[in-house]
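Enquirer: Below is one structure. I have some questions about it.
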Amino acid sequence: MDITRLIIVAVGGQGNLLASRVLAEAALLSDVPVRMSEIHGMAQRGGVVESAIVFGDAESTIISDGEADLLVGFEPSETLRALNKANSKTTVITNLSPLPPFTVAIGKGVYPDLNELQDLIRAKASKLIAFDAVALAKDAGNVLAVNMVLVGALIQTGILPLTVENVKETIRTKTKKAFTDMNLKAFDLGFSAAERA
Amino acid sequence: MHKLLTEQPGEKMILLGNEAIARGAVEAGVAFATTYPGTPSSEISLNLFQMSQESDLYFEYGTNEKVALEVAAGAANSGLRTMCMMKHVGLNVAADPLMTLAYVGVTGGMVILTADDPFMFSSQNEQDNRYYGKLSGLPVLEPSSVEEAKNMIVYAFDLSEKLQKPVIFRTTTRINHSTAVVTLGETKPRVTKGDFTKDPFHYVTVPAVSRGLHVTLLEKMAEAEKIAETCEYNFINGEGNWGIICNGVSYNYAVDAIKELDISDKAKILRIGFSFPMPKALITDFLKGCEKVLVIEEGEPFMEEAVKAFAQDAGLTISIKGKDDELFSRLYEFNPAMVRERIAKYFGAAYTPAVVPDLSDVPEIPQRPPNLCAGCSHRATFYAVKKAAEGMDTICPTDIGCYTLGFMPPLSMGDFVICMGSSVSTSCGFSKATDKKVISFIGDSTFFHSGITGLVNAVFNNHNFTLVILDNSITAMTGHQPNPGVNMDYFNLSGYGQVSIEELVKSLGVKHVTTVKPYRVKKSIAAIKEALDYQGVSVVISQEMCTLYAKSLKKLKARPFYVSDKCKNHRDCINEIACPAFYLEDEKVKIDPVSCVGCMVCAQICPENAILPLKSE
C-alpha cells in the first residue's frame with residue numbers, strides 16, 4: 001500500500017495528540033497500516049508538540065525533512081517553522097489564529113506577518129489551505145475543538161487513505177462522550193472550510 | 001477496567017510504545033514493579049501504577065533508581081517476576097546494585113528497562129546503555145518497533161528465568177513514544193507471593209563468594225551467547241552480498257530504504273535484537289556472504305566494534321563501516337532519509353535525494369522554548385531569591401526538574417547542573433573553592449532522590465551555602481508522580497507514609513531552616529535574606545503546590561487578574577518575572593485571563609499597584 005506521510009505541529013495544549021490518536025484509530029478501523037511518533041516532553045510547559053503519522057507500508061515512525069505529503073499546523077508561526085518537512089508537492093493546512101510565543105512579549109522576536117507567512121508557504125508548497133480554525137471551533141461550541149476542525153480539513157483534502165465515515169465513527173467512539181456532538185460539528189466546519197479554500 | 005488488563009487475545013489496539021511495554025509485562029505475568037520516573041520511560045510505570053490499583057500487581061515508586069532496583073532485587077530473589085524501569089541516566093544511579101546483582105542473579109524473571117534518549121529530547125546526555133550489558137555481563141534486548149517491544153518483554157522474562165540473571169531491556173525515545181497497532185496476547189497468571197531460600201554462600205557477596213559468582217556469570221554469558229545465536233530476535237532479511245547490520249529503530253529506516261532504493265535483490269539485513277552477548281557465529285556467517293558491510297546503529301559503535309573483531313578472528317578483510325565522518329555519526333538520532341542516503345552512498349546505489357524547500361527567505365521565527373507555567377510557584381521563588389541576593393556575587397547550582405527552566409532570562413537562576421542531586425553536593429565544592437555566595441535549588445522529589453546525602457555531607461564538612469528546596473508537593477516534570485513528601489490522599493490511596501522535608505532537614509543537623517510561601521513576595525524575600533546572611537548551611541523550603549497539579553485536583557480555582565489603567569508601562573512584571581500569561585497589545589501589557597491563575601506575584605511587584613483582580617472590575 002502506498003505510503004502517505006503527515007506531520008502535525010501544534011503548541012502544547014492545542015490537542016494535537018488527540019487529533020493524531022483519532023487518525024490512528026480511524027486507520028485501525030479502516031485496516032490501513034499506521035505508525036506514528038510524538039515529541040511531547042515539555043508539552044504542558046508551552047513548547048512545540050510534533051506528531052508524525054505514517055500511513056501505508058512503511059516501518060519508520062518518523063518523517064525526514066522534505067518528505068511530508070501533508071503538513072498541518074495548529075498555529076501559524078509553527079506551520080512556518082515546520083516548513084522544512086514539506087516539499088513542492090506538499091499540501092499545507094494552517095490555522096490562522098496566532099498564539100505568539102512568550103519570547104515576543106519580552107521583545108526577543110517579532111511575530112511573522114500573516115499575509116507574508118501565507119505567501120511564503122504558497123511559494124514553497126503545492127497548496128495552502130488557511131483559515132481561522134479557532135473561530136470555527138468557537139462556532140462548534142468550544143475553542144478546544146480546534147483539533148477536530150483541523151482533522152475535518154485534512155480529511156477533506158482526500159490525501160489520507162481514510163474515509164469521512166471512519167473518522168467520524170472514531171470521533172464518536174474514541175473521544176469523550178460529552179464532547180462528541182461538538183467534535184463532530186467541529187469536524188464538519190473544518191471540512192467545509194477546506195472545501196471553500 | 002484498565003485497557004491493558006483486557007483478556008482478549010487477538011484484539012488489536014492502538015498503543016503507545018510505553019503502553020505496549022506495560023502490556024507485555026502483564027502478558028508475562030509480572031507481579032512486582034518498581035521505578036523512579038524519567039522521560040521517556042514514565043508512561044510504562046504510570047500504566048503499571050494504574051493497573052496495580054485494580055489488580056494484585058504490586059507497584060511502587062522508589063525514592064531513586066538505586067532504591068527501586070534493590071527493592072526489585074529482593075522481590076526477584078523471592079521468585080517473583082519483577083520489572084524495574086528508568087530512563088538511561090537512572091541506570092547510572094542504579095549501577096552499583098546492577099553490577100553485583102549480575103553476580104548474584106535472580107530466581108524470578110527480572111527485566112531492567114532502560115529508556116535511552118538519542119538527541120536528548122528530554123535528557124542531559126545521550127549515553128548508550130547497551131554498554132551496561134557489556135559492563136555487567138547481563139543480556140541486552142532491543143526492540144525495533146512498538147509491536148515487537150510488547151512481545152520481546154515476554155521473551156525477556158523467559159530468558160531471565162532460564163539464565164537466572166536479570167535481563168536489560170533497552171529502548172530509545174522513538175520506541176517509547178511511537179504508537180502503532182498491537183495485537184494482544186494471552187496473559188500468564190501472576191504469582192504474587194514468593195519465598196527466599198537462605199544460601200549465604202551464594203547471596204552474601206564477600207570476596208570469597210564473589211570469586212565463585214564471577215565464574216558463574218561468565219558461564220551464563222557463554223550460555224546467553226549460545227541462545228543469541230538462534231534467538232528469533234536476531235534474524236536475516238533479504239538476499240544479496242551487500243550486508244547491513246542494524247538494531248532498534250535503525251532497522252525500520254533500513255527496511256524502508258531498501259524498498260525505496262529498489263535494491264532488495266542486492267542487500268540483506270541482519271537485525272540484531274539480542275545485542276549482548278553478540279551472536280558471533282551468526283554474524284561471522286553473515287559476513288562471509290557479503291562483499292561489504294554497513295553497520296547502522298544510533299549512538300556508539302557498540303555492534304560495529306564487535307563485528308569488526310569477529311571479522312578479524314575469521315580472517316575476513318571485507319570493508320565494514322559504520323561510524324565514520326562520511327557515514328554515520330555518534331551524535332543524535334537517525335532518520336529515514338539519512339539512512340537511505342548513506343546506504344546508497346556506501347554501496348553505490350542510484351539515489352534521488354528528497355528536495356528540501358529553500359527556506360533562506362523565511363524570516364526568523366520567534367523561538368518557543370518551554371517555560372515555567374503561568375503562576376508557577378518556582379517563578380515566585382526565583383524572583384524572591386534574586387531580590388534577596390541583590391548586590392551579592394552568587395553562584396547558583398540547580399538541579400533536574402521543571403525548575404531547571406529558571407536558568408532562562410529574565411530569571412537567570414541556574415548556573416550549573418550535571419545530574420540528579422548535584423545541586424547540593426556541587427555547592428559544597430563551589431563554596432569552598434570560591435569566595436562567592438552559593439545558592440542552590442532542588443525540587444522535592446530530587447531532594448529525596450539524591451539531595452539528602454549531599455546535605456548530610458554539607459553539615460558534616462561544615463560548608464557555607466544556602467539550599468532552596470522548591471517543594472511543589474509532586475514530581476511535576478515527568479507527569480505528576482508521587483514522591484515520599486506527597487500526601488497520598490490526593491491519589492485516593494491509603495496505607496502510605498509521608499516524610500516531612502522540614503523535619504528531615506532539621507534532623508540532619510541544619511541549624512537554619514525556614515519555610516516560606518513564595519506567593520507572599522515580601523515575606524519570602526525577607527526570610528530568604530536571613531538565610532543568605534547565615535554563616536554555614538541554611539535551608540529555605542519554598543512550599544506551594546504545582547499549579548498544574550493543583551488545577552487537576554481542583555484545589556486551585558483560578559482568579560485571574562488584569563492590568564488596569566493605573567499601568568504606567570514600567571513593565572517590571574514582564575521584565576522581572578516574565579509569566580507567560582502576559583502579552584503585549586498596542587505596546588501595553590495585558591494578562592491572558594485563561595492562563596492567569598491569580599498567584600498575585602505580579603500584583604505585589606507592580607510599582608503602580610495597577611494589577612487588580614478581574615472580578616472587581
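The values are calculated or read from the model by the stated rules, or taken from the named source; none is laboratory data. What you see is a predicted model, and the numbers here were worked out from it, not measured in a lab. Here Cβ is always computed from backbone atoms with ideal geometry, including for glycine, and neighbour counts include all displayed protein chains. We work out accessible area using only protein heavy atoms, side chains counted, and drop any ligands, DNA or RNA first. Shrake-Rupley method; radii C 1.70, N 1.55, O 1.52, S 1.80 Å.
Enquirer: Restricting to region B:327-364, and then to whatever is in a loop (DSSP other than H, G, I, E, B), within 35 Å of the chain's Cα centre (by Cα) and at pLDDT 95 or above, can you tell me which residue is nearest to the other protein chains (Cβ to nearest Cβ)?
Expert: This residue is B:335.
Enquirer: Sticking with this structure for a sec: If the Cβ limit is 8 Å and pairs must be 6+ apart or interchain, which residue in region B:145-156 that is within 14 Å of another protein chain (Cβ to nearest Cβ) pairs with which residue that is open to solvent by 30 Å² or more (accessible area, probe 1.4 Å)?
Expert: B:145/A:35; B:145/A:59; B:146/A:35; B:147/B:181; B:147/B:183
Enquirer: Suppose we filter B:320, B:283, B:269 for residues that are more than 26 Å from residue A:5 (Cβ to Cβ), hydrophobic (A, V, I, L, M, F, W, C) and part of a strand (DSSP E or B); which single one remains? Explain how you work it out, then say what you get.
Expert: Working: B:283 fails: part of a strand (DSSP E or B); B:269 fails: more than 26 Å from residue A:5 (Cβ to Cβ).
After applying the criteria, what remains is B:320.
Enquirer: Now for a different question. Here's a check for you: in region A:109-120, which residue that is at the interface with chain B (Cβ under 7 Å from one of its Cβ atoms) and of a type outside the set (A, V, I, L, M, F, W, C) is nearest to residue A:80 (Cα to Cα)? So that I can check it myself, show each step before the final result.
Expert: In the first step, residues of region A:109-120 are kept if they are at the interface with chain B (Cβ under 7 Å from one of its Cβ atoms); the result is A:109-112, A:120.
Adding the requirement that they be of a type outside the set (A, V, I, L, M, F, W, C) leaves A:109, A:111-112.
Working: A:109: 15, A:111: 11, A:112: 9 Å.
Out of the qualifying residues, it is A:112.
Enquirer: Which one of the conditions (1) crowded, with 19+ Cβ neighbours inside 10 Å; (2) out of contact with any strand residue (DSSP E or B) (no Cβ under 7 Å at 6 or more places or on another chain); (3) more than 30 Å from residue B:59 (Cβ to Cβ) does residue B:548 fail to meet, given that it meets all the rest?
Expert: Failed condition: (3).
Enquirer: Scan region A:128-152 for residues that are within 14 Å of chain B (Cβ to nearest Cβ), more than 12 Å from residue A:185 (Cα to Cα) and either open to solvent by 30 Å² or more (accessible area, probe 1.4 Å) or polar (S, T, N, Q) (or both) and report the count.
Expert: Of the residues in region A:128-152, 2 are within 14 Å of chain B (Cβ to nearest Cβ), more than 12 Å from residue A:185 (Cα to Cα) and either open to solvent by 30 Å² or more (accessible area, probe 1.4 Å) or polar (S, T, N, Q) (or both).
Enquirer: Sticking with this structure for a sec: Can you name the number of the only condition in (1) within 23 Å of residue A:12 (Cα to Cα); (2) surrounded by 21 or more Cβ atoms within 10 Å (Cβ to Cβ); (3) not assigned by TED's automatic domain parsing to the domain that holds residue B:466 that residue B:573 fails?
Expert: (1)
Enquirer: Mind counting the residues in region B:365-401 that are of a type outside the set (Phe, Trp, Tyr), away from every other protein chain (no Cβ under 14 Å), without any contact (Cβ under 8 Å) to a residue 60 or more places away in the chain and open to solvent by less than 30 Å² (accessible area, probe 1.4 Å)?
Expert: Counting residues in region B:365-401 that are of a type outside the set (Phe, Trp, Tyr), away from every other protein chain (no Cβ under 14 Å), without any contact (Cβ under 8 Å) to a residue 60 or more places away in the chain and open to solvent by less than 30 Å² (accessible area, probe 1.4 Å) gives 5.
Enquirer: Same structure, new question: If you take the residues in region B:480-501 that are surrounded by fewer than 17 Cβ atoms within 10 Å (Cβ to Cβ) and in contact (Cβ under 8 Å) with a residue 24 or more places away in the chain, which one is nearest to residue B:448 (Cα to Cα)? Show your work before the answer.
Expert: From region B:480-501, those surrounded by fewer than 17 Cβ atoms within 10 Å (Cβ to Cβ) are B:487-489, B:491-500; that's our starting set.
Next, only the ones that are in contact (Cβ under 8 Å) with a residue 24 or more places away in the chain stay: B:493, B:499.
Working: B:493: 20, B:499: 9 Å.
My answer is B:499.
Enquirer: Pairs under 9 Å by beta carbon, first residue free of Cβ contacts under 8 Å to residues at least 12 places away in the same chain in region B:241-265, partner of a type in the set (Val, Ile, Thr) and crowded, with 24+ Cβ neighbours inside 10 Å, six or more apart or different chains?
Expert: Taking only residues 6 or more apart or on different chains, not a single pair turns up.
Enquirer: Among the residues of region B:222-249, which ones are surrounded by fewer than 19 Cβ atoms within 10 Å (Cβ to Cβ) and part of a helix (DSSP H, G or I)? Steps first, please.
Expert: Restricting attention to region B:222-249, the residues satisfying the condition of being surrounded by fewer than 19 Cβ atoms within 10 Å (Cβ to Cβ) are B:222-223, B:225-227, B:229-230, B:232, B:235-241.
Within region B:222-249, B:222, B:223, B:225, B:226, B:227, B:229, B:230 qualify.
Enquirer: Of these, B:441, B:430, which one is of a type in the set (A, V, I, L, M, F, W, C), assigned by TED's automatic domain parsing to the domain that holds residue B:486 and not in a strand (DSSP E or B)? Spell out the reasoning first.
Expert: On the way: B:441 fails: not in a strand (DSSP E or B).
Answer to the check: B:430.
Enquirer: Right, something else. Out of B:534, B:562, which single residue is touching a strand residue (DSSP E or B) at 6+ places or on another chain (Cβ under 7 Å), over 30 Å from residue B:463 (Cα atoms) and more than 13 Å from chain A (Cβ to nearest Cβ)?
Expert: Every option except B:562 fails the conditions.
Enquirer: Yes or no: residue A:48 at the interface with chain B (Cβ under 7 Å from one of its Cβ atoms), of a type in the set (A, V, I, L, M), under 24 Å from residue A:184 (Cα atoms) and free of Cβ contacts under 8 Å to residues at least 40 places away in the same chain?
Expert: Values: at the interface with chain B (Cβ under 7 Å from one of its Cβ atoms): yes; of a type in the set (A, V, I, L, M): yes; under 24 Å from residue A:184 (Cα atoms): no; free of Cβ contacts under 8 Å to residues at least 40 places away in the same chain: yes.
Against the criterion (at the interface with chain B (Cβ under 7 Å from one of its Cβ atoms), of a type in the set (A, V, I, L, M), under 24 Å from residue A:184 (Cα atoms) and free of Cβ contacts under 8 Å to residues at least 40 places away in the same chain), residue A:48 does not qualify.
Enquirer: Checking residue B:445 against (1) touching a strand residue (DSSP E or B) at 6+ places or on another chain (Cβ under 6 Å); (2) among the hydroxyl-bearing types (Ser, Thr, Tyr); (3) more than 20 Å from residue B:62 (Cα to Cα), only one condition comes out false. Which one?
Expert: (3)
Enquirer: Anything in region B:177-209 that is within 14 Å of chain A (Cβ to nearest Cβ) and either assigned to a strand (DSSP E or B) or among the small types (Gly, Ala, Ser) (or both)? List them, or say none. Quick ask: steps written out before the conclusion?
Expert: First, the residues of region B:177-209 that are within 14 Å of chain A (Cβ to nearest Cβ): B:177-184.
Matches in region B:177-209: B:178, B:179, B:180, B:181, B:182, B:183.
Enquirer: A further question on this structure: Mind checking which residues of region A:171-192 are surrounded by fewer than 24 Cβ atoms within 10 Å (Cβ to Cβ), of a type in the set (S, T, N, Q) and under 15 Å from residue A:22 (Cβ atoms)?
Expert: Of everything in region A:171-192, those that are surrounded by fewer than 24 Cβ atoms within 10 Å (Cβ to Cβ), of a type in the set (S, T, N, Q) and under 15 Å from residue A:22 (Cβ atoms) turn out to be A:173, A:175, A:180.
Enquirer: Starting from region B:345-359, take each residue that is under 16 Å from residue B:254 (Cα atoms) and list its partners that are assigned to a loop (DSSP other than H, G, I, E, B), counting only C-beta distances under 7 angstrom and pairs at least six apart or across chains.
Expert: B:346/B:327; B:349/B:263
Enquirer: Looking only at residues that are closer than 30 Å to residue B:487 by Cα and open to solvent by 30 Å² or more (accessible area, probe 1.4 Å) in region B:530-544, which one is farthest from the chain's Cα centre (by Cα)?
Expert: Only one residue fits best here, namely B:530.
Enquirer: Can residue B:325 be described as within 26 Å of residue A:63 (Cα to Cα), surrounded by fewer than 17 Cβ atoms within 10 Å (Cβ to Cβ) and free of Cβ contacts under 8 Å to residues at least 60 places away in the same chain?
Expert: Working: within 26 Å of residue A:63 (Cα to Cα): yes; surrounded by fewer than 17 Cβ atoms within 10 Å (Cβ to Cβ): yes; free of Cβ contacts under 8 Å to residues at least 60 places away in the same chain: yes.
Taking the combined requirement at face value, the residue satisfies it.
Enquirer: Still on this structure: Identify, please: which residue in region B:278-289 is open to solvent by 10 Å² or more (accessible area, probe 1.4 Å) and in contact (Cβ under 8 Å) with a residue 40 or more places away in the chain and is, among those, farthest from residue B:137 (Cα to Cα)?
Expert: Keep residues of region B:278-289 that are open to solvent by 10 Å² or more (accessible area, probe 1.4 Å), which gives B:278, B:280-282, B:284-285, B:288-289.
Filter again for in contact (Cβ under 8 Å) with a residue 40 or more places away in the chain, leaving B:278, B:280-282, B:289.
Numbers: B:278: 12, B:280: 16, B:281: 19, B:282: 20, B:289: 30 Å.
The selected residue is B:289.
Enquirer: Residue by residue through region A:56-77, note down the ones that are open to solvent by 20 Å² or more (accessible area, probe 1.4 Å) and closer than 13 Å to residue A:4 by Cα.
Expert: A:57, A:59, A:67, A:69
Enquirer: If you don't mind, another one. Is it the case that region A:63-85 has a residue that's free of Cβ contacts under 8 Å to residues at least 60 places away in the same chain and either of a type in the set (D, E, K, R) or more than 11 Å from chain B (Cβ to nearest Cβ) (or both)? Before the answer, list the steps.
Expert: Narrowing region A:63-85 to residues free of Cβ contacts under 8 Å to residues at least 60 places away in the same chain: A:63-66, A:76-77, A:80, A:83-84.
Next, from what is left, pick out any that are either of a type in the set (D, E, K, R) or more than 11 Å from chain B (Cβ to nearest Cβ) (or both): A:65.
Yes, region A:63-85 contains a residue that is free of Cβ contacts under 8 Å to residues at least 60 places away in the same chain and either of a type in the set (D, E, K, R) or more than 11 Å from chain B (Cβ to nearest Cβ) (or both).
Enquirer: Let me ask something else. Which of (1) under 34 Å from the mean Cα position of the chain (by Cα); (2) in the same structural domain as residue B:326 (by TED's automatic domain parsing) does residue B:260 not meet, given it meets every other one?
Expert: (1)
Enquirer: Where in region A:39-139 are there helices (runs of 4 or more DSSP H), lying fully within it, with 1 or more residues that are over 17 Å from the mean Cα position of the chain (by Cα)?
Expert: Details: elements: A:76-81, A:102-105, A:114-124.
Fully inside region A:39-139 and qualifying: A:102-105, A:114-124.
Enquirer: Then there's this: Tell me which residues, restricted to region B:576-597, are part of a loop (DSSP other than H, G, I, E, B), open to solvent by 80 Å² or more (accessible area, probe 1.4 Å) and at the interface with another protein chain (Cβ under 10 Å from one of its Cβ atoms).
Expert: Within region B:576-597, B:594 is the sole residue that qualifies.
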